[in-house]
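A short worksheet on the structure shown next.
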Amino acid sequence: MAGLPQDYDSVMSRKNQVMNAALSIDYSRFESGSMAFDYEKMMRETGYCLEEMEKIQREVNVGNTPVLELKNLTALARACAPEGKGARIFIKDEAANPSGSFKARRAANAVYHAKKLGYKGVIAATSGNYGSAVASQAAMAGLKCIIVQECYDSKGVGQPEIIEKARKCEALGAEVVQLTVGPELFYKFILLLEETGYFNASLYTPFGIGGVETLGYEISMQFREKYGKDPDAVVCTNAGGGNLTGTARGLIKAGAKTTRIIGASIDLTGLHMASDSAFNLKSCTTGHTGFGVPYAVDPDHSDVPRSAARPLRYMDRYVTITQGDVFYITECLATLEGLEKGPAGNTSLAAAFAISQEMDRDEMIVVQETEYTGAGKHVQPQLSFARENGIEVRLGDPAEEIPGKSVIIPEHPSLIKAKDMDLDHRRRSLIKVNMRKYTMDPTAEDIKYLAAETKKDEQWVKATVEELKKELRQ
């Protein structure tokens, strides 16, 4: 706004005021005065019921996407599995949505809500598929759209996958603001919200996450209709956590109580996502631990005061796979099943391929999303980019892959392994973050809240709090 100081510190000091105006949500209504807040109340009062979300999405051709059985990939998994193992592998083909990914579900609700409230435009800060989803929905609604991307290092070198997504956003009529890695992204995002008065179409609002609930609900309904039961496991690529959270909530609303929820991320251990030098050393920009881990243990460090994406509330298992695994399974999907899909969904597909070999043959495992692919998302541009940045690319055992130094393509499919992450360690980290941020002496209400946040009982939380008190006071 004219007359207000535009330097970084001044703009950031106004962020809460700007956010409130750009979201029309009073988050204080859900706060308790300590670390606890009423998550379900926030989801009920500012979101939409499942039937309303389905109606909103149907009117813009979002949702009701097909489930496809990958018979050839299942046969390959069984060839690598012990006797009697090798669950049937399925994908929910979310590339059938208008913008080519499941994020059309989030965007449909966010843009509908923005138009309902009378906003003239929407802004989203995202380097992923959500940008094109918002651009697509804004075009249908007749709203202006700005997408803010973090896509370059300080030398002006951009990730091919992110540049591809910028192209798609622009093709759908959005203005794309491209920035370098670091604090510039959030600063520019806040400044644009303030200057335009547009709606913050954040990935992490209740209506955004609520939009993904239809995905989980559809999976259950489709499996019951076609196979007479819910799937045994659903694998969700995990980055910011909204994909897994929304899908799990939808499955719960469908009554799919026995379906296991598995998060999957690419292992990029050691690469800091806000580091200029590390930015172009990653060869996959979506669904990796650089987002998956910090957003799991500290959901509220997003672009809203309280994130509706809270994956540790729903996760039964969290696994990692390698970049090489993803490239291999992308090629397998194309050459064995005749389906070209982008890397985000193929992250969970690589994990599902490995996990299916642990499961019985009569069980069913679902990869709950696919995404469109394009020039910058294909395997070869990404591997060429890796080589240009000094990354060794070779065939071998992906267990030897070192993020930022090598990409190792499996020389045999049996080498694709899902590595389990210690979920209790992540849960402990979440409690530590809350104790540092709010209080060292959680109330009874806080303990109950932390039990829900970590999917553990109150006794475990109390014992963990006592351990952390000693650790943090040393």
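Taking the alpha-carbon centroid of each part, what is the distance from the range 188-217 to the range 1-68 in angstrom?
6
Per residue of the range 243-258, in order, report the coupling 6.51 cos²θ - 1.76 cosθ + 1.60 (Karplus, θ = phi - 60°) as ³J(HN,Hα) in whole Hz, putting x for Gly and Pro.
For the range 243-258, the Karplus curve yields 4, 5, 4, x, 4, 5, 5, x, 5, 5, 5, 7, x, 7, 6, 9 Hz.
So, counting K/R as plus one and D/E as minus one, what does the shell of residues with Cβ under 11 Å around ALA399 add up to? Display every interim value, and only then the final one.
Details: positive: LYS417, LYS419; negative: ASP267, ASP325, ASP397, GLU400, GLU401.
Its environment carries a net charge of -3.
Pull up all non-local amide H partners of SER406: gap of 5 or more, or a different chain, and H-to-H distance under 5 Å with H placed in the peptide plane.
GLU392
What number results when the radius of gyration of the range 407-474, computed over Cα atoms, is divided by 2.2 N^0.38 Å? Display every interim value, and only then the final one.
Details: Rg = 17.1 Å, N = 68, 2.2 N^0.38 = 10.9 Å.
So the range 407-474 has a normalised radius of gyration of 1.56.
Whole number in Å², please: accessible area per residue of the range 1-113, 1.4 Å probe, ligands, DNA and RNA not counted. Walk me through the numbers before you get to the answer.
On the way: 5160 Å² over 113 residues.
Averaged over the residues of the range 1-113, the accessible area is 46 Å².
Return one quarter of the surface area of the convex hull spanned by the alpha-carbon atoms of the range 362-465, equal to its mean projected area, in nm². Mind showing how you got there, number by number?
Working: hull surface 46.1 nm².
The directionally averaged projection comes out at 11.5 nm².
Within the set of other residues whose C-beta is less than 10 Å from the C-beta of VAL235, count the net charge using Lys and Arg as +1 and Asp and Glu as -1.
It works out to a net charge of +1.
Explain nothing, just the number: relative contact order of the range 1-125, from Cα pairs under 8 Å at least 6 residues apart, as a whole percent.
Working: 77 pairs, mean separation 22.3, N = 125.
Relative contact order comes out at 18 percent.
In debye, nearest 20: dipole of the chain around its Cα centre with unit charges on the Cβ of K, R (+) and D, E (-)? If you can, show how the numbers build up before the last one.
Numbers: 57 positive and 63 negative charges, 133 e Å.
Using Cβ point charges on Lys, Arg, Asp and Glu, the chain gives about 640 debye.
With bins 5 Å wide starting at 0, give me the P(r) of the range 157-300 over every alpha carbon pair, in whole percents.
2, 9, 13, 16, 18, 16, 12, 8, 5, 2, 0
Taking LYS417 as the anchor, which aspartates and glutamates have their alpha carbon closer than 13 Å to its alpha carbon, excluding any fewer than eight residues away along the same chain?
Reachable aspartates and glutamates: ASP267, ASP325, GLU358, ASP397, GLU400, GLU401.
Expressed as a whole percentage, what fraction of the accessible surface of the chain belongs to carbon and sulfur atoms when a 1.4 Å probe is rolled over the protein heavy atoms? If you can, show how the numbers build up before the last one.
Values: 9090 of 18260 Å².
Of the solvent-accessible surface of the chain, carbon and sulfur hold 50 percent.
Could you give me the radius of gyration and the Dmax of the range 241-295, taking only the C-alpha atoms into account and expressing both in angstrom?
14.7, 46
Taking θ as phi - 60°, what are the ³J(HN,Hα) couplings along the range 154-163 by the Karplus curve (6.51, -1.76, 1.60), each to the nearest whole Hz, with x for Gly and Pro?
These are the phi-based 3J(HN,Hα) values: 5, 8, x, 8, x, 5, x, 5, 6, 4 Hz.
Counting alpha carbon pairs within less than 8 Å and at least 6 residues apart, what relative contact order, in whole percent, applies to the chain?
Working: 974 pairs, mean separation 87.7, N = 474.
Over the chain, the number comes to 18 percent.
How big is the chain in terms of Cα radius of gyration and Dmax, in angstroms?
21.4, 72
When the Karplus curve 6.51 cos²θ - 1.76 cosθ + 1.60 is applied with θ = phi - 60°, which whole-Hz ³J(HN,Hα) does each residue of the range 349-366 get, with x for Gly and Pro?
5, 4, 5, 5, 4, 6, 5, 4, 6, 8, 9, 6, 5, 8, 8, 10, 10, 10
Cα convex hull of the range 36-191: mean projected area in nm², to one decimal? Walk me through the numbers on the way to the answer.
Values: hull surface 55.6 nm².
Computed as one quarter of the Cα hull surface, the answer is 13.9 nm².
Cα atoms only: what Rg and Dmax, in Å, come out for the range 291-334?
In order Rg, Dmax, the Cα atoms of the range 291-334 give 14.5, 41 Å.
Give the accessible surface of the range 369-443 per residue, rounded to a whole number of Å², with probe radius 1.4 Å and ligands, DNA and RNA excluded. Spell out each step's value before the answer.
Working: 3660 Å² over 75 residues.
Averaged over the residues of the range 369-443, the accessible area is 49 Å².
Among HIS378, PRO311, VAL326, whose Cα sits farthest toward the positive end of the charge dipole of the chain (+1 at Cβ of Lys/Arg, -1 at Cβ of Asp/Glu, about the Cα centre)?
Checking the options against the dipole of the chain, the answer is PRO311.
Looking at the P(r) of the range 287-425, how many percent of alpha-carbon pairs lie beyond 27 Å?
Values: 2454 of 9591 pairs.
Within the range 287-425, distances greater than 27 Å cover 26 percent of Cα pairs.
Find out how many positive minus negative residues lie around GLY250, taking Lys and Arg as positive, Asp and Glu as negative, among other residues whose Cβ is under 9 Å from that of GLY250. Before the final figure, lay out each step's value.
On the way: positive: ARG249, LYS253; negative: GLU213, GLU218.
Local net charge: 0.
What translational D, rounded to a whole number of µm²/s, comes out for the range 109-179 from Stokes-Einstein when the hydrodynamic radius is the Kirkwood one over Cα pairs, at 4 °C and 1.567 mPa s? Before the final figure, lay out each step's value.
Working: Rh = 12.1 Å.
This corresponds to a translational diffusion coefficient of 107 µm²/s.
Distance between the C-alpha centers of the range 105-153 and the range 310-365? Whole Å please.
The distance from the Cα centre of the range 105-153 to that of the range 310-365 comes to 28 Å.
How much FRET efficiency would the formula 1/(1 + (r/R0)^6) give for SER13 and GLU445, where r is the Cβ-Cβ distance and R0 is 25 Å, rounded to 0.05? The partial results should precede the final answer.
Numbers: r = 30 Å, r/R0 = 1.21.
With R0 = 25 Å, the Cβ-Cβ based efficiency is 0.25.
Can you list residues whose amide H is under 5 Å from VAL176's amide H, if they're 5+ apart or on another chain and H is modeled 1.01 Å from N?
Result for VAL176 returns ILE147.
What dipole magnitude, in Debye to the nearest 20, does the range 159-271 give about its Cα centre under +1 on Lys/Arg Cβ and -1 on Asp/Glu Cβ? If you can, show how the numbers build up before the last one.
Details: 11 positive and 13 negative charges, 117 e Å.
With only Lys, Arg, Asp and Glu charged at Cβ, the dipole is about 560 debye.
Return the subset of LYS377/LYS405; LYS85/LYS257; LYS55/LYS115 for which the Cα-Cα distance in this structure is over 18 Å, preserving the input order. If you can, show how the numbers build up before the last one.
Details: LYS377/LYS405 20 Å; LYS85/LYS257 23 Å; LYS55/LYS115 16 Å.
From the list (LYS377/LYS405; LYS85/LYS257; LYS55/LYS115), the Cα-Cα distance tops 18 Å for LYS377/LYS405; LYS85/LYS257.
So what is the calculated 222 nm ellipticity per residue for the chain, using -39500 (n - 2.57) for each DSSP H run with n of 4 or more, over all residues, to the nearest 500 deg cm²/dmol? Numbers along the way, then the final one.
Working: 18 runs with 217 residues, N = 474.
Mean residue ellipticity, 222 nm, calculated: -14000 deg cm²/dmol.
When the label point is put 7 Å from the Cα of ASP276 along its Cα-to-beta-carbon vector, which residues of the range 372-399 have a backbone N closer than 20 Å?
Answer for this model: 389-390.
What value does the range 1-126 have for Rg/Rh, both radii from Cα atoms and Rh as Kirkwood defines it?
1.15
Can you tell me the length gained on complete extension of the stretch ARG167 to ASP38, counting 0.36 nm per residue apart and subtracting the Cα distance?
Details: separation 129, 0.36 × 129 = 46.44 nm, distance 3.95 nm.
Full-extension gain reported as 42.5 nm.
The values are calculated or read from the model by the stated rules, or taken from the named source; none is laboratory data. No experiment lies behind these values; they were computed from the predicted model shown. Every residue, glycine as well, gets a Cβ built from its backbone with ideal geometry; the counts of neighbours run over all protein chains shown. Note: areas computed on protein heavy atoms with side chains; ligands, DNA, RNA excluded. Shrake-Rupley method; radii C 1.70, N 1.55, O 1.52, S 1.80 Å.
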